[in-house]
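What follows is a short report on a single structure.
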Amino acid sequence: APAYLPGLLGRNCAIERDFLQRAGGFAAPAPTGTDYVLAHELVAAGARIRQVRTSQVETEYPANARAYIRQRRRWLRNVAVHGLRYRARGDVYSSLTTSFAGMAMLALPFTSLRFGAAALSVWFPMLVGGWLARLRYLRFAHLVRGWPFSVRHSMALLLVLLLDFVAWAAPLLDYLQPASREKW
């Protein structure tokens, strides 16, 4: 990653007080997407967000499928909703593309009922490609950090990929319901 980034991770960042004050503090409306909104406000105030590659912080992640999907759904939705506000077309495009990819990956197997094996011949290679990409990350983590790499972990990655398809597609429903756009 580059030395300077367009965004920040709230769980592991430090902000100089003068930049925070110049950016209006925490006054920008952000019922969700607080990190995304704050990063845009800081950049608009002239701040540069520097990445410190060696900085580490222990982070808790969701322990069940429902919480995992809710978190991922919120993160993706926030980029599209707030990206519109900041005219960050690339962010919005990326977020919507991910959502439509999730929808396609959920819908394609069902279209095989109508179109037969042709639909599955499109879906299956994309599923395997996504899974292999994740296996590559898991293998890298095993080599660099010694994290477990087993058949069980490999199969769990396939399940998480399927959960991601749900999480990616779900924001499309949120965009249709204004009350859902700001749901934590």
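Once the Cα atoms are used to define both axes, helix 65-85 deviates from the longest principal axis of the chain by about 50 degrees. Here's how it looks for Ile49: its modeled amide H is under 5 Å from those of Leu5, which are all 5 or more places away or on a different chain.
Can you give me the angle between helix 34-44 and the longest principal axis of the chain, using Cα atoms only, in degrees from 0 to 90, rounded to the nearest 10? With rounding to tens, the tilt is 50 degrees. With the charge dipole of the chain set up from +1 on Lys and Arg Cβ and -1 on Asp and Glu Cβ about the Cα centre, the Cα lying farthest toward the positive end among the listed residues Leu106, Pro2, Met126 is that of Met126. Taking the centroid of alpha carbons for each part, region 79-133 and region 50-76 are 21 Å apart.
Rounded to the nearest 20, the size of the Cβ-charge dipole of the chain about its Cα centre is 200 debye, with Lys and Arg at +1 and Asp and Glu at -1. Using a probe of 1.4 angstrom, how much of the accessible area of the chain is carbon and sulfur, in percent? That share works out to 63 percent.
Take the chain, connect every pair of alpha-carbon atoms lying under 10 Å apart with a spring to form a Gaussian network, then pick out the residue of Thr54, Thr111, Thr32 with the largest mean-square fluctuation. Fluctuation is largest for Thr54. Across the chain, Cα-Cα distances exceeding 28 Å account for 37% of all pairs.
The HN-Hα couplings worked out from phi for region 2-18 by the Karplus form 6.51 cos²θ - 1.76 cosθ + 1.60 (θ = phi - 60°) are x, 5, 10, 10, x, x, 9, 10, x, 6, 8, 8, 10, 10, 5, 4, 5 Hz, whole numbers, x standing for Gly and Pro. In this structure the chain gives 67 Å² per residue of accessible area when probed at 1.4 Å with all protein chains present. Between the residues Ala47, Asn12, Gly146, the greatest Cα displacement towards the positive end of the dipole of the chain, with unit charges on the Cβ of Lys, Arg, Asp and Glu, is found for Gly146. Axis of helix 117-145 versus longest Cα principal axis of the chain: the two differ by about 50°, to the nearest ten degrees. For region 120-184, the dipole from Cβ point charges (+1 on Lys and Arg, -1 on Asp and Glu) about the Cα centre works out to 320 debye, to the nearest 20. Dipole check for region 1-94: with +1 at the C-beta of Lys and Arg, -1 at the C-beta of Asp and Glu, and the Cα centre as origin, the magnitude is about 360 Debye. Using only helices, what value at 222 nm comes out for the chain when you add -39,500 (n - 2.57) per DSSP H run of length 4 or more and divide by the total residues, to the nearest 500 deg cm²/dmol? It comes out at -21500 deg cm²/dmol, rounded to the nearest 500. Here the gap between Leu113 and Thr97, fully extended at 0.36 nm per residue and compared with their Cα-Cα distance, gives a gain of 3.2 nm. Label positions at Arg87 and Leu163, each projected 7 Å from the Cα along the C-beta direction, are separated by 3.9 nm.
Modelled spin labels at Gln56 and Ser150, positioned 7 Å past Cα toward Cβ, are 2.3 nm from each other. Relative to the 2.2 N^0.38 Å rule of thumb, region 133-184 has a C-alpha radius of gyration ratio of 1.62.
The values are calculated or read from the model by the stated rules, or taken from the named source; none is laboratory data. Source: prediction; values computed, not measured. Methodologically, a virtual Cβ is constructed for each residue, glycine included, from the backbone with ideal geometry; neighbour enumeration extends over all protein chains shown. What goes into the accessible areas is simple: the full protein's heavy atoms, side chains included, and nothing from ligands, DNA or RNA. Shrake-Rupley method; radii C 1.70, N 1.55, O 1.52, S 1.80 Å.
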